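To start, the structure under review is shown below, and the notes come after it.
The values are calculated or read from the model by the stated rules, or taken from the named source; none is laboratory data. The structure presented is a predicted model; accordingly, all values stated were derived computationally and were not measured. Heads up, the Cβs are rebuilt from the backbone with ideal geometry, glycines too, and the neighbour counts pull from every protein chain shown. Each accessible area value is taken on the protein alone, full model and side chains, heavy atoms only, with ligands, DNA and RNA left out. Shrake-Rupley method; radii C 1.70, N 1.55, O 1.52, S 1.80 Å.
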Amino acid sequence: MTPLDLTKLPDFLKAQRWFAGKAWPIKSVSVADHVNMDLGTCTFTLAIIEVVYELGNPERYQLQVRHTADGLVSALEDDDCVRALFNLAREDRQVVSGSGRVVGEWIASTDSGVALPDPLSVRRLNVEQSNTSLVLGERVIVKVIRKLEAGVNPEYEVGRFLATKTSFRATPQLVGALNLEGPAGATLALAHRFVPDAVDGWKYTLERLRQEKALSDGFLSDMRDLGARLGELHKAFASAGPDDLAFSPEPLLQEDLQRWSASIVGELGVTLADAGRLHADLEGRRDGLIAYAKRLAQVAPSGQKVRIHGDLHLGQVLRSDNQWLFFDFEGEPSRSFTARREKYSALRDVAGMIRSFDYAEATVALEGGQPRGRVGPTRDAFLEGYRQATRGVPFLPDSDEAFHVMLRAFELEKLLYEVRYELANRPDWVRIPVEALLRMEDAQ
């Protein structure tokens, strides 16, 4: 029997900042799995619920709730409940659920031991809308995943691989997790080392561009270092042995290049149809841009497909103690877990970061800041660092020409995504990727 009053759940959900379905009428709510957590200092219900809407696809969410005289309340507002939930992972405990079990995992590799204070302080972060983030003892950050998806969570999978199978440490290391096993299986929570006083790469780059009329040697050195760190991340991904099917590199085939090329051509058609109505100058560039995309299919295949970050930009790196750290290995939120876990050319990550440089400069220009012209040196420094770190690796193309054709094709793919995103969300910003598209075709 479900421990929850289902009639109360729609109102409870719509009051939660992480609930994505506030705008849609809810048809029904059901419980896919649940466990009554009696953890000594705290008792609450952990439930996996399925929300069916009048229109659109159903969604699954994770709740931790307590019954009070005032109705349902979030158990994570209680520090004791947060500590009790965290201790499931820290102590490698398991709790039987209605149709499976909640499994705690503490990754006790020799260099991931985290000395936690006692008592363990709890601090709630309000920066995230889609999950619940909590800092414990100022040493660990726990992300409770609210909207659940079927399949292997790539952030858990990648974090665990990097922590246990590689020596790559330019990331806030994954130290623990809670997973639900059974028919409603999903990753419920992840615990990473907390990096205090870190600034994300986007804010860091904006500040430097605002301050520096001409790019300093120090900034360009930082960009070379960022490229080198990305090269080391890709080498770590490519280090998997043949038995590790989720990570082991695979040959890059002609059919891969043809498939990626055809996909970009298709996206070009859709994007220019939408954007061309607002920016007529794009329509005249259609044939040139299509030719750009088709060059990808004509490259002689070389290199390998590897696991990649998948959603890389300046907002996905941290700057701490003059070091770059990569984080948030979830991949593109709009894609399924299966699609996010696909192996790809490492150059797709490189292209994503390069596009982020253009956005940073354009943002400063929109603020009335310095004139354009600083993306080129930034890009060159970043690529120099990346290529030095990856010299001779088997996963990259074996010629400079193939490297640049593939990189530019993936930049075009990212540009088309940006145009569609801005048209839907920030029409005033669409000029940034549109201008880059026009410059790209000129540069052929």
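Some observations on this one:
- Any hit, the stretch 32-39, residues being at pLDDT 95 or above and assigned to a loop (DSSP other than H, G, I, E, B): no
- Subset of the stretch 56-86 that is at pLDDT 90 or above and in a loop (DSSP other than H, G, I, E, B) - its residue that is surrounded by the most Cβ atoms within 10 Å (Cβ to Cβ): Asp78
- Failed condition for Ser130, given (1) touching a residue at least 60 places away in the same chain (Cβ under 8 Å); (2) farther than 16 Å from Arg60 by Cβ; (3) under 20 Å from the mean Cα position of the chain (by Cα): (2)
- In this structure, Asp274 does not qualify as charged (D, E, K, R), modelled with pLDDT of 90 or more and within 28 Å of the chain's Cα centre (by Cα).
- When each of Leu190, Leu209 is tested for being under 30 Å from Thr363 (Cα atoms), open to solvent by less than 10 Å² (accessible area, probe 1.4 Å) and touching a helix residue (DSSP H, G or I) at 6+ places or on another chain (Cβ under 8 Å), the lone residue that passes is Leu209.
- Residues considered: Ala108, Ala89. Of these, the only one that is open to solvent by less than 30 Å² (accessible area, probe 1.4 Å), more than 29 Å from Lys22 (Cα to Cα) and not in a strand (DSSP E or B) is Ala89.
- Residue count for the stretch 221-265 satisfying the condition of being open to solvent by 30 Å² or more (accessible area, probe 1.4 Å) and outside any loop (DSSP other than H, G, I, E, B): 15.
- The lone criterion from (1) open to solvent by 20 Å² or more (accessible area, probe 1.4 Å); (2) assigned to a loop (DSSP other than H, G, I, E, B); (3) under 30 Å from Pro301 (Cα atoms) left unmet by Glu138 is number (3).
- Scope the stretch 38-49; condition open to solvent by 40 Å² or more (accessible area, probe 1.4 Å) and within 24 Å of the chain's Cα centre (by Cα); matching residues: none
- Close pairs (6 angstrom Cβ cut-off, 6 or more residues apart or separate chains): in contact (Cβ under 8 Å) with a residue 60 or more places away in the chain and closer than 19 Å to Lys143 by Cα in the stretch 9-30, surrounded by fewer than 16 Cβ atoms within 10 Å (Cβ to Cβ) and small (Gly, Ala, Ser) anywhere: Trp18/Ser130
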